[in-house]
Every structure is written in C-alpha cells, then in structure tokens.
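The values are calculated or read from the model by the stated rules, or taken from the named source; none is laboratory data. In this text, all values refer to a predicted model and were calculated from it rather than measured experimentally. Cβ atoms come from the backbone with ideal geometry, glycine included; neighbour counts cover every protein chain shown. For accessibility, only protein heavy atoms count, side chains too; no ligands or nucleic acids. Shrake-Rupley method; radii C 1.70, N 1.55, O 1.52, S 1.80 Å.
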Amino acid sequence: MGATTKHFIGGEWRTGEGSTMTDLNPSTGKPLAEFPVGTAEEVDAAVRAARDAFDNGWRDATPSSRRKLLLKLADLIASNATEIGKVASEDMGMPWAFTIGEAMFAAEYIEYYAGWADKIHGDTIPLSAPNTLDYTLREPIGVAAAIVPWNSPLSLAIWKMAPALACGNAIVVKPSELAPLAVLRLMDLVAEAGFPPGVVNCVSGDGALTGSALVEHPGVGVIAFTGGTATGRKVAERAGAQLKRVSLELGGKSANIVFADADIDAAAVQAGVGCFINTGQQCIAGSRVLVEESIHDTFLEKVIAFASNWATGDPLQPTTQMGPLINEASLERVLAFVDDARGGAEIALGGERLGGDLADGYFVAPTIVAGVRNDMRIAREEIFGPVLSIIPFRDEAEAIAIANDTEYGLAGGVWTNDLHRAHRVARQIQAGTVWVNTWLAVNPQTPFGGYKASGIGREGGKEALDVYTQIKNVYVQLR
Ligand code: NAD
C-alpha cells in the first residue's frame, strides 16, 4: 500500500490528526493509500489560512499576477498530464488515455479563466440625480469551498478553482473520499506554480465529517458542490440556513432523442459513447435513448454492434475504452437496476459482472436494455453505470414529453437532419445543455449546469464568474 497522504493547508503538507480511510484501486480492489479524514479543526485551519491569504495580499493582487499564476498552473498540469492522469486512472478507474485527456482539458479550463482575470469589472451608471457619479465594483466573495466528487476528480476540482481564483477568491478544496489522489497531486503543482500560501488549500475526508464541517464553517462565503442530488439538497439546506451562496452541479437522467431522418450510424455510435464513457459514471450520461419506432430495430442492432466492441478492461492499457465501476456498492447497485428491469424489459446486451482477469475489480459489461418504458425504475433513477435504456416513441410530441418526464434536467440530445425540428426540439427540452447531432461536447467557454433537480448555478463560461463575485454599487455625490 502507498503511504498515508496529508492535507495541504497554508502552503504546507500537514499530517492529519483524526482518523484515516483507505483508498482502493477499483480495478483490483487493492488498497492504494491511506488518507486522513479532515477534522473540524483541520477544516477550520484551512479556512483560516484561506482567509488570511485573501485578506493579506490575494484580494489586492493585480489581475495580471493572478492571470500569470493561473497560466503557470495550466502549463504544469499539461506538462504533467501523463503522470497525473495515471494517478487518477488508478484511483477511480477511468482509462488512462482518457484521464490524460481530462488533465489537458483541465489545463484549457484554467487558460480560459486566466484570460478572464483582468476582464472582470463593473459599470458606470448614469443617474438622473444631479452631480452624481455611480459605479459598480465586482468583488470576490472571500473564501470559496469546492466539494468534489470522484468521477472526474481533476476537472471538477478545476472547474471550481479556476473561476474562483481568477475572480480573486481563496479556496479550500475537499476531494471525494472515493478518489482523492489526483486532487492531492494537483496541490503539488499549485505550490510549484507559486500561488501564495493559503490561496489554495486541500483537506481530504468524507462527507459526514469533513464536507459537513466545510459547509457549516462561517468563514466560507460560497460553496461550489458537485455530487448527487440527495447530497446537494442537504448542502443547500445547510448553506441556506447561513444564507451562503451555493452552486450545485447534481445528477442527471438525460434523454438522447433519435429521429428516423437522422444519420443513424453516427447516432448509434454517439449514443453508445455518450452512455458508456467513464463506465456510465457521468452526470451527463445519455442513459435514456429515445428512438423513433420506424428505425427502432435497425438502431438497436447498430448500437448493440457498437457496444459489443467497446473494450472493457485494465484502465492502464492504451486500448481500453471502459474501466471498472468505482466500488463494490456501486457494482451491486448497477446490477440491481438491471435485475429490476428484467421483468418488463429485455436485456439486449451485457447485464453481468465480468470475471476472469477482471474478477477482483468492479467490472460490468456494457449493458443495453430494450423495450424500456419511461415509468420503469431503470428510466427514472440515475444509475451511474454503463446501462443504456432504449425507449421507443411514435412522434415528436411524444419524444419531447418522455424526455421531459423526469425530475432531472442536466442534458439532452436531438438527432435529426431537419434543421427546423432540431431547433424546435432543442428549445423544448428542459435541460441546461442540449446537443444536436452529437453528445458530450463540453467547453470552457460555455455554461454548464442543470435545470430542475440537476442543479443551481453554472460552471464554465462567463456565467461561472457570477458564482464567485458580488456586486458593490458606489454612489458619489459630487460638489
Ligand atoms: P456524493 O454526493 O456522494 O459526494 C460528492 C461530494 O460531496 C464528496 O466529496 C463527498 O464527500 C461530499 N459530501 C457527501 N456528503 C456530504 C455532506 N453531507 N456535506 C458536504 N459534503 C458532502 O456524489 P459522488 O458519488 O461523489 O458523485 C456522483 C454524483 O455526482 C452523481 O449523482 C453525479 O451525477 C454527480 N455529478 C454531477 C456533475 C454535474 O456537473 N452536474 C458532475 C459529476 C458528477
């Protein structure tokens, strides 16, 4: 087993003083490291370090100095992408080739927000009152808390850190207890980039102790949370009691609608990739594929053919496209969803745990369930596994009704060659992101977030700057 990791507080690595947890490699079920569960005192030390750094220099750092530090961090992440990608891959099971891509993508995010660092400003407002000058200042909040899940740990930490730092906030990051290592490794690069001590801190731990302490801490001004909807509700309730600002990126049950006039080959491939990538452990997984009845059988055949060749195995092998689920509990949960569907729907592919060389890890086969009705459990709850449900529909109105018949609203897709239909349907899908003739496209420049139970606020784009700034109006009476 690897060594016990430490917290990163005030620019120093500190040994944890509370209990520890064991971090497992989901491909082998074997321990990778012990990590400390941050106590309320350690969270307090991190928030105080952040506040000190904010009050004593970071708040007043020039925008160009913030930009340069962010660009340096982006360079370091890009040049260490192979190594940090391996850390993430071993820790949470996404294929290494993809975690390298994720690191490069995280670097691009930072570059994008580095570009904003010296473009965040207020307005001058002409008033009707005589002899007045009125202007606004856009100021940082102070200390931001970033609570991060395990499924894309590096990018989801950066989606919060980059805009928060560009706006002039200090930050405390809490990685997931299921995969903390890539975010901890990132702290070495933060230090190397030269951020002043305390501007970025990281306390590892679970939700019940460490996450809660961070949410409750009166020194935290804004909480940026990504995780499950049930946890998000708890975080929002407790933040609400203290009138703290929150940004919540939560779960999804996204519908990908394939019309008969679409490029069916491309739609079948993207439907497969959109659901099976990262072993279906994506908030934006296209887990409900709605297919027009007239092409249903052809489409099903094509998506089965695609999924049958989706290479599942050791994430460190360059040819692997899908690794394991995160842990035993997740594996059991995914298989229970499939079992539950057996009564009313048809398991057209997969549906079982993989054995042989993979028996020690938490591997399942890519799974396709056909003949699903939208009222079945498999179509209503977020599975967070490689299970694609095919739901037939008769016409456009029915497709839209099924797509929107969910508590979630994270993403949606439309496959059609009819320009009018593409825009008509895109407008009617109740989701924060709609893709036309593609799936999974996410860019630093664009806002990302949920309608309904999929979240509040946006990450990405200029919209994320609203989360990390507050507006002050200055009214000056001139003589
Ligand atoms: P989770 O809700 O179990 O945990 C997320 C984080 O919250 C972890 O760091 C955890 O320790 C912490 N946490 C747990 N309880 C807490 C509490 N009471 N107070 C404060 N923090 C607490 O989610 P997960 O299993 O790590 O991630 C999977 C979920 O995340 C899925 O539902 C997925 O859809 C969602 N997700 C959403 C997005 C998005 O952008 N919308 C992106 C990725 C993942």
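Quick notes on this structure:
- Residue-by-residue Karplus 3J(HN,Hα) for the range 108-125, coefficients 6.51, -1.76, 1.60, Hz, glycine and proline x: 5, 4, 5, 4, 4, 6, 4, x, 7, 3, 10, 10, 9, 8, x, 10, 9, 10
- All C-alpha pair distances within the range 1-160, sorted into 5 Å bins from zero, spread as 2, 8, 11, 15, 17, 16, 12, 7, 4, 3, 2, 2, 1, 0, 0 percent across the bins.
- On Cα atoms only, tilt of 153-166 relative to the major axis of the chain in degrees: 30
- R380/E293 FRET efficiency (R0 30 Å; Cβ-Cβ; nearest 0.05): 0.85
- 29 Å tail of the calculated P(r), the chain, as % of Cα pairs: 50
- Between the range 29-80 and the range 340-379, the alpha-carbon center distance in angstrom: 41
- Between helix 296-308 and the chain: long-axis angle, C-alpha atoms, 0 to 90°, nearest 10: 70
- For the chain: accessible area per residue (Å², 1.4 Å): 39
- Residues whose placed amide H lies under 5 Å from that of N437, excluding near-sequence neighbours: V414, W415, T416
- Evaluating kT/(6 pi eta Rh) at 10 °C and 1.306 mPa s, with the Kirkwood radius of the range 205-261 over Cα pairs in the Stokes-Einstein relation, gives 124 µm² s⁻¹.
- Helical mean residue ellipticity (222 nm; -39500 (n - 2.57) per DSSP H run of 4+; nearest 500) of the chain: -11500 deg cm²/dmol
- Placing dummy labels 7 Å off each Cα toward the beta-carbon, the span from Y135 to S79 is 3.9 nm.
- Two-site FRET efficiency, A311 against D418, from Cβ-Cβ distance with R₀ of 51 Å, rounded to 0.05: 0.90
- Label-to-label distance, nm, for residues given as N473 and D60 (7 Å Cα→Cβ offset): 2.8
- Near I147, the amide H atoms lying under 5 Å from its own belong to K174, A224, F225, T226; only residues 5 or more places off or on other chains count, and H is placed 1.01 Å from N.
- Over the range 360-479, relative contact order from alpha-carbon pairs under 8 Å, at least 6 apart, %: 17
- The chain: relative contact order in percent, alpha carbon pairs under 8 Å with at least 6 residues between: 18
- Contact order relative to length of the range 242-357, as percent, for alpha carbon pairs under 8 angstrom and 6 or more apart: 22
- Protein accessible area in the range 324-479, 1.4 Å probe - carbon and sulfur %: 50
- For the cross-link pairs K72/K462; K6/K30; K68/K119; K6/K68; K253/K302; K86/K160, the ones whose C-alpha atoms lie over 25 Å apart are K6/K68.
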